[in-house]
Amino acid sequence: MGQINDTAAAFFDACETGAGWDGCAQYCTDDATFSAQSEAIGDLTDLRSYTEWMKGILTILEDGSYDLKSWAVDEERSSVLAYAVFNGTHTGDGGPVPPTGKAASSDYVYDMRFEGGKIAHITKIWHSGVALQQLGWA
């Protein structure tokens with residue numbers, strides 16, 4: 001499949017396991033952007049901030065993990081799509097309330113756009129409201 005597949009796969013695993021920007025930067029342009037129409041992360045506009053948010057969320061949802069369901073590479077459009085389910089239980093300190101012990105299982109999709117072999121933009125498609133309710137945060 002090529003370079004963008006390998007880069008996207010390495011980024012995806014690093015991001016979803018809480019590596020933060022230090023572990024993700026090598027796969028991204030320096031000014032990589034981020035967008036999501038999602039209550040929890042809708043104000044994040046750069047990929048550095050999002051990867052750090054993921055790092056932080058995994059200190060709250062200490063057992064957080066992903067289950068990759070589907071993967072598609074579109075070489076013509078320099079894009080990779082990943083569909084996964086994130087699972088985690090609020091056992092760690094932090095978050096909007098003390099640990100609830102409640103678990104969430106939340107579907108999401110990344111649309112990773114490439115420039116020069118690196119990720120230049122990610123759009124995350126995620127209904128955070130459902131996850132927040134499952135965790136007892138809303």
>> Being in a helix (DSSP H, G or I) and within 15 Å of GLY2 (Cβ to Cβ) is the filter here; which residues of the range 52-83 pass it?
In response: GLU75, GLU76, ARG77
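Residues checked against (1) in a helix (DSSP H, G or I); (2) at pLDDT below 95:
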site: PHE86; (1), (2): no, no
site: GLY94; (1), (2): no, yes
site: THR100; (1), (2): no, no
site: ASP107; (1), (2): no, no
site: MET112; (1), (2): no, no
site: ALA131; (1), (2): yes, no
> Would a scan of the range 89-101 turn up a residue that is surrounded by 17 or more Cβ atoms within 10 Å (Cβ to Cβ), among the hydrophobic types (A, V, I, L, M, F, W, C) and either more than 20 Å from THR7 (Cα to Cα) or over 14 Å from the mean Cα position of the chain (by Cα) (or both)?
Replying inline: no
> Of these, ALA25, ALA32, ALA40, which one is within 18 Å of GLY117 (Cβ to Cβ) and touching a helix residue (DSSP H, G or I) at 6+ places or on another chain (Cβ under 7 Å)?
Replying inline: ALA32
>> Quick check on my filter: what residues within the range 27-45 are over 21 Å from GLY129 (Cβ atoms), surrounded by fewer than 16 Cβ atoms within 10 Å (Cβ to Cβ) and touching a residue at least 12 places away in the same chain (Cβ under 8 Å)?
In response: ASP31
>> Could you go through the range 81-88 and let me know if any residue there is aliphatic (A, V, I, L, M), surrounded by fewer than 15 Cβ atoms within 10 Å (Cβ to Cβ) and in contact with a strand residue (DSSP E or B) (Cβ under 8 Å, 6 or more places away or on another chain).
In response: yes
> Given the conditions (1) surrounded by 17 or more Cβ atoms within 10 Å (Cβ to Cβ); (2) touching a residue at least 40 places away in the same chain (Cβ under 8 Å); (3) farther than 13 Å from GLU16 by Cβ, and given that ARG48 satisfies all but one, which numbered condition is not satisfied?
Replying inline: (2)
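The values are calculated or read from the model by the stated rules, or taken from the named source; none is laboratory data. Just so it is clear, the model here is predicted, and its values are computed rather than measured. With ideal geometry, Cβ positions are generated from the backbone for all residues, glycine too; neighbour counts draw on all protein chains shown.
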